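The values are calculated or read from the model by the stated rules, or taken from the named source; none is laboratory data. These numbers come from a predicted model, not from an experiment. Here the Cβ is made from the backbone with ideal geometry for all residues, glycine too, and neighbour counts use every protein chain on show. Heavy atoms of the whole protein, side chains included, go into the accessibility calculation; ligands, DNA and RNA do not. Shrake-Rupley method; radii C 1.70, N 1.55, O 1.52, S 1.80 Å.
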Amino acid sequence: MAGEPNAAGGEPLIALRGVSRHYEIGGGTVKALDQVDLEVRPGEFVVILGASGSGKTTLLNVIGALDLPTAGTIRIGGRDVTGATRRELFALRRHEIGFIFQSFNLFPGLTALENVEFGADVAGRADARDAAGEVLAQVGLGERGDHFPHELSGGEQQRVAIARALAAGNPIVLADEPTGELDFETGVQILELLHGVTHTSGTAVLVVTHNREIARVADRVVELSSGTVVSDRANEPAALADLRW
Amino acid sequence: MNGGLRFWLAWSWRDLRGRWQLVLAIGLLLAGGVGLAAGLASMRDWRVASNDESFAQLGVHDLRVEAEQGSYAPTGSLAQAARRIPDADMIAAAGERLIAPTQIDASEAAGHTVITPGQVIGVETGAGREVSGVTVTGPPVDSVAVTEGDGLPTRSGAVAGILDPQYAKENGIAPPAQITVAGGERIDVVGLGNSPETFVVIGPGGSFSSEADYGTVFLPLAAAQRVAGLPGKVNDLAIELAPGADAGRVATELRDQIERDLPGFGLEVTDTSDIDGRRILYDDADNDQQLFDVFAFLILAGAAFGAFNLISRTIESQRREIGIGMALGVEPRRLAIRPLLMGLQIAVAGVVLGVLVGLGVNAWLRGLLADQLPLPFLDTDVRWDRFATRAAIGFAIPLLAAAWPVWRGLRIRPIEAIEAGFRSARGGGLAPLLAKLPTPGRSLAQMPARNVLRAPRRTLLTVLASAAVISVAVSMSGMLDSFRATVDANAAEQGRMAPDRLEVTLAGFVPADAPALRRLADSPLAAATDSRLSVPATLRSANDEIDVVVDTIPGRDPVWTPRATAGSLPEGPGEVLIAESAAEDLGVGVGDRITLIHPVRAGPDRFETGEDEVVVSGTHADPFRFPVYMSGSGAAAFGLEGRVNAIDVLPPAGVGENTVKRALLTHPGVATIESASTLGDALEEGLDEFGAIIRVVVGIAVVLVLLIAFNSTAINADERAREYATMFAYGLPVRTVVRLAIVESLLIGLLATAVGLLLGVLILGWVINVSIEEVLPELGVIGSLSLGTVALAALAGVGAMAAAPLLTIRRLRKMDVSSTLRVVE
Ligand SMILES: Nc1ncnc2c1ncn2[C@@H]1O[C@H](COP(=O)(O)OP(=O)(O)O)[C@@H](O)[C@H]1O
Ligand SMILES: [Mg+2]
């Protein structure tokens, strides 16, 4: 299967060594992440599981180069991120990462299609408009391209957000609680979508959730607690139909 | 409950600490508008009060008997006539004067060549008195205010006089000094001063004469008579009426009595309202204020629109919080506290800063008035009532701007407020319309236009705010352009044939073949000469009546002749060539008949008034309204066939103008000598002074546009923080994000510039066709807008707007992307 470690060869796509992110607040220290080691290979569908406040968002943010760790090293596609310049970080986000946010964060002034096109544009794809159309159709919104975000339901908005991340065609997709604001059925559709791309394009997908049920669809589950990895195990993905929210 | 209030106040205090820069910036914007409006609003009050005071202190005449040009009466005869009228008790005081044109050579006193036309005014002398640092001297009616040096010598024969302070200042003359007047007579200038009729210099160019080019010297009557070569003659009587006197009756009785005493003596009886300088001073005060009011209103409106927009946007972004508060059951008036307090803070900042700006503007204008108003007495105290009304407006705007969105927010159901908060910031607006247009290419390219259309009301307010301010800059600079075009048009006409020529007026009407004239023509200092008649007259049509100067066109080899831009030059005796602006004001065209009211010579020293129907043969392009030309045969109508009183002299190549002037001055019969370009130069000088005021207002306008632009982008950046953070998460560089903001701002700037230009042109049209037409009817100002002005508008509008986002770069760079994305709205 595409998710097996040997399928991607030697170098992991994402490699964290001893990564910590501490906040100094009013004399005390909040250890949002503490000594995290993690490797992710192309085509893996990894679920990051943990209670609220366990450091999941912080982990995604440091992987996505939105935040820098206070200790440790992060390598993305073999390149060290911790020592990178600002310019390199921006380029990294453009060419390696696709973000999906819990609250969608679509551009209100752009239509659904244009929002997706944005992802492709930024990644520098020449065929941005066509690619956007394709991906939008892929998430089942081919007919809604002309609609503005406020004319779409929450699930539809999240699908547009996913399409935007996928249209970039980047090797890593990071999703922070993408089903958090959605109902069960819509959530399942979203997960199906994300799971699909790991097979079709060898993309590594990291999905953050506090929901143990979601963890069952993953190839691999990384569990966080108080900023440390408490378990990291391979998982035989359950059929989506079996999930209970 | 009190604890509750304290909680809200504490929250507001935290709001203020987080937002004081915005509060201050909006306050400053308001302050600019309020301050300029408040500062400019006092000008009329100041000027009217100063006029009143100056005219009253100098006992301005109620009636004046003016002899026709060239008519003189024996000393004492006019005063005697005044004493003999049936209602002589209605006259409180009367003083005879001799007013004679002359030529002044003040080169010695000035230290450089100063040879100009001017007038000698001989007055009765009297003891002086001190009024707030100014010596009031001379006759009791139309006294002379001496602002520097000594008063008029009481010894009537002494050739010691008082010189017009403006003339002295412009030419660098300080008493005591000596000047020479026509005929070679030397006068000791013992002091500087002027009287009600000479506050405003009305020289050969009417009110356009520059102070430097026309001097007035007050002398004791006897001295003036000797200097002017008119011993024992007077031509003027100034009268102060007793309280309650009937001016009309006294005027009629005077006219009758003088006709009886001095049969055939041409005269005119005028009153206070006929004093050109006085009319100009009061009218200017009024008309300038009208202009200032329009500009102040526009700037205030711009600041108000801007502030309103910025405040309501800031508070709009709190509507979600209001909705949440409502959902939690907080009383509406508690919820209103925070936004209203913000409005109040801005109001206070705006008014306090505004009063400071206003006082600054006041101080600047006070200096300007002291410098430029020719009045001996000034009253420029701060007019707090004017400040109060402007400050009230400045105070009300932010409160209204805050109250409006609060009121809207509180009226709807909480759930709508929560949703609307989300939607109003992101809503569709006109953007859906744009979405239907086939837009090629990159999604990024479309964002700016989408953002502009997505909030049409906000865009409109920003555009209106900037446009109002830009229109002020455009119309004010346009005024300068128009004056420049007018000056140029005048120069093009007058400088067409012999730009260096000198215009010499003679002391009287002499036969064209007089030996004195021939000597002048044969002089080595005249390369060419021609001679003509130059006579003041009036043109009347069904529409209007205007004062003009009729010149005959010299016959052979003229040094200069006018040019007809429509129709043709006058040929027969009954034809006139008039200015385009005169034709416009009179409502006549080529071929139409009009009435010419003019002097007719009735004998030596005697002129009567005659009326003739004449035909407009054509028009000329000189923007001045007064020049009227007739052919040489026109002289007959004035009873002046074969006589001339003006000569054009072309200096030989390589000989300086001043050399020729000095030489001509010694020729007998020469009254005044002037360069043909004097009038244009005076206009040009006026333009420079006027330009200073305009540049300051334009400067303030540009600063206000910058403030509007910057505040609006700053608020934009706040509102869009999540959008920008998302872009950064996708790796879009700051540079690109700023570029998007610049394009968006640029679109608004373009709209604002276009609207501002349009509005500015409309205002300019009003200023030129209505306002200036009233103040300066003698001048047909040519409406013009230079490329520079358009560029200034574009720079202010487009440039300021486009540059404003650059100021947010630092904030965008420092943005904590992960935190910004973390907050779930
Ligand atoms: N800017 C910050 N300052 C201080 N503490 C923070 C900051 N951001 C996050 N934290 C803390 O880090 C910990 C992990 O947060 P987060 O990664 O958002 O958790 P999760 O996404 O798992 O709910 C939390 O205890 C949170 O309070
Ligand atoms: Mg989280």
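Annotations for the structure displayed:
- Using just its DSSP H runs of length 4 or more, each adding -39500 (n - 2.57), the protein assembly as shown gives a mean residue ellipticity at 222 nm of -15000 deg cm²/dmol after division by all residues.
- For segment B:61-274, the per residue solvent-accessible surface stands at 36 Å², with DNA, RNA and ligands left out and a 1.4 Å probe.
- Positive-end residue, the protein assembly as shown charge dipole about Cα centroid, Cβ charges, pick of B:Leu596, B:Pro398, B:His112: B:Pro398
- Alpha carbon centroid spacing (whole Å) that separates segment B:217-265 from segment B:309-352: 74 Å
- Dipole check for the protein assembly as shown: with +1 at the C-beta of Lys and Arg, -1 at the C-beta of Asp and Glu, and the Cα centre as origin, the magnitude is about 5720 Debye.
- Per-residue ³J(HN,Hα) for segment B:778-785, Karplus 6.51 cos²θ - 1.76 cosθ + 1.60, θ = phi - 60°, Hz, x for Gly and Pro: 6, 10, x, 5, 8, x, 7, 10
- Occluded residues from segment A:112-128, i.e. those whose accessible area drops by 20 Å² or more once the chain is not alone (1.4 Å probe): A:Glu114, A:Glu117, A:Phe118, A:Asp121, A:Val122
- Average accessible area per residue (Å²) across segment A:121-173 - probe 1.4 Å, nucleic acids and ligands excluded: 37 Å²
- With the charge dipole of segment B:227-374 set up from +1 on Lys and Arg Cβ and -1 on Asp and Glu Cβ about the Cα centre, the Cα lying farthest toward the positive end among the listed residues B:Asn235, B:Met342, B:Leu300 is that of B:Met342.
- Per the Debye formula on identical point scatterers at the alpha carbon atoms of chain A, with no solvent, log10 I(q)/I(0) at q = 0.09, 0.16 Å⁻¹ is -0.37, -1.19.
- Beta bridges per DSSP with both ends in the protein assembly as shown, % antiparallel, nearest 5: 75 percent
- Inter-site label distance for B:Ser132 and B:Asp381 at 7 Å from Cα along Cβ, in nm: 0.9 nm
- Estimated FRET transfer efficiency (B:Thr736, A:Ser52; beta-carbon r; R0 35 Å; 0.05): 0.50
- Among the protein heavy atoms, those of A:His147 account for about 60 Å² of accessible surface (1.4 Å probe, every chain in place).
- Separation of alpha-carbon centers, segment A:28-75 and segment B:604-668, rounded to whole Å: 98 Å
- Protein heavy-atom surface of segment A:130-216, 1.4 angstrom probe: 43% of the accessible area is carbon and sulfur, with nucleic acids and ligands not counted.
- Computed in the context of the full set of protein chains, the accessible area of segment B:61-274 at 1.4 Å probe radius has 48% of its extent on carbon or sulfur.
- Of all lysines in the structure, the ones whose alpha carbon falls short of 16 Å from that of A:Lys56, not counting any fewer than 8 places away in one chain, are A:Lys31.
- Residues with amide H under 5 Å from that of A:Val217, placed H, sequence gap 5 or more: A:Ala238
- Acute angle (nearest 10 degrees) that the helix B:247-261 long axis makes with the longest principal axis of chain B, alpha-carbon atoms: 20 degrees
- Under 5 Å from the amide H of A:Asn235 lie the amide H atoms of A:Arg220, A:Val221, each residue being 5 or more positions distant or on a separate chain, with H modelled from the backbone and absent for Pro and chain starts.
- Each of B:Phe218, B:Ala485, B:Leu785 was placed along the dipole of the protein assembly as shown (beta-carbon charges, centred on the mean Cα), and the one lying farthest toward the positive end is B:Leu785.
- Heavy atoms of chains B and A lose about 3000 Å² of accessible surface on contact, summed over both sides with a 1.4 Å probe.
- Against chain A, whose longest principal axis comes from its Cα atoms, helix A:184-200 is set at around 80 degrees.
- Shielding by other protein chains, B:814-820, mean Cβ within 10 Å: 3
- The modelled label-to-label distance between B:Glu108 and B:Arg811, using points 7 Å beyond Cα along the C-beta direction, is 7.1 nm.
- Residues of segment A:63-89 buried by at least 30 Å² on assembly (accessible area, 1.4 Å probe, chain alone as reference): A:Leu66, A:Arg86
- Over all projection directions, the Cα-based convex hull of the protein assembly as shown averages an area of 56.5 nm².
- Cut-off under 5 Å, modelled amide H: who pairs with B:Gly126 long-range: B:Gly138
- Delta accessible area of at least 10 Å² on complex formation, residues of segment B:719-767, 1.4 Å probe, chain isolated as reference: B:Arg722, B:Glu723, B:Thr726, B:Met727, B:Phe728, B:Ala729, B:Tyr730, B:Gly731, B:Leu732, B:Pro733, B:Val734, B:Arg735
- Relative protection proxy for B:786-792, B:372-378, from highest mean packing down: B:372-378, B:786-792 (other beta-carbon atoms within 10 angstrom).
- Seen against the Cα atoms of chain B and their longest principal axis, helix B:414-426 is set at about 60 degrees.
- Per-residue ³J(HN,Hα) for segment B:112-118, Karplus 6.51 cos²θ - 1.76 cosθ + 1.60, θ = phi - 60°, Hz, x for Gly and Pro: 8, 5, 10, 10, 9, x, x
- Using every pair of distinct Cα positions in chain B, the Kirkwood expression returns a hydrodynamic radius of 30.9 angstrom.
- Rounded Å value of the spacing that divides the Cα centres of segment B:569-593 and segment B:101-131: 39 Å
- Zone of B:Thr252's modelled label, taken as backbone nitrogen in segment B:48-82 under 20 Å from a point 7 Å along Cα→Cβ: B:62-66, B:81-82
- HN-Hα J in Hz across segment B:492-504 - Karplus 6.51, -1.76, 1.60, θ = phi - 60°, x for Gly and Pro: 5, 6, 6, x, 5, 9, 9, x, 8, 5, 10, 9, 9
- Convex hull of Cα atoms in segment B:489-677, direction-averaged projection (nm²): 10.1 nm²
- For the pair A:Ala238 and B:Arg496, label points projected 7 Å from Cα toward Cβ lie 10.1 nm apart.
- Counting protein heavy atoms only, segment B:454-537 has 61 percent of its accessible area on carbon and sulfur, 1.4 angstrom probe.
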